[in-house]
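Okay, structure first, notes after.
The values are calculated or read from the model by the stated rules, or taken from the named source; none is laboratory data. These figures come from a predicted structure and were not determined experimentally. Positions of Cβ are backbone-derived with ideal geometry, glycine not excepted, and every protein chain shown enters the neighbour counts.
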Amino acid sequence: MVAFFSPWEFLCPCCGEGSGKISELLVTRLDTLRGERGEPVFVNSGWRCAVHNMRVGGSRVSRHLIGCAADIRIATGSGGRFSMFTQLAERLCRLPGWEFLLYQNFIHIAVPRAESARRWSGTEPAFIPGCFIEPLKIA
């Protein structure tokens, strides 16, 4: 069940499209990250229309276009906590077939393209059968 995200957080900022177009696996993993962090994690960019993707300099084959990517950040002024956040995100999201790109103020996370078939609408719990994510603690 998704506890910390709402569908509107993943909508394209230029047109408001993207409802029901985001990967269920992506949302579930980001929700786990937010829960483990214990503080808000914000979505800078989720689903993108082609026009917005072009405006921000996104790749022609960006996974944002199919709902399989999100750029996330923590609250500004978090200082050294960004490093701890990055370590946690990397442990949860650097997996085979995934994209994990670290930028100065945000992290880009993308699930494999095949995951675009399993969409999260936000009206039902996101659940992946057989997938259990153990709690992570950063020392």
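Would you point out which residue out of V61, V43, V27, V2 is β-branched (V, I, T) and surrounded by fewer than 19 Cβ atoms within 10 Å (Cβ to Cβ)? Show your work before the answer.
On the way: V43 fails: surrounded by fewer than 19 Cβ atoms within 10 Å (Cβ to Cβ); V27 fails: surrounded by fewer than 19 Cβ atoms within 10 Å (Cβ to Cβ); V2 fails: surrounded by fewer than 19 Cβ atoms within 10 Å (Cβ to Cβ).
Checking each option against the conditions leaves just V61.
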Is it the case that C14 is at pLDDT 90 or above and exposed (fewer than 15 other Cβ atoms within 10 Å of the Cβ)?
yes
Among (1) among the charged types (D, E, K, R); (2) farther than 17 Å from I109 by Cα; (3) crowded, with 17+ Cβ neighbours inside 10 Å, the one test that K21 misses
(2)
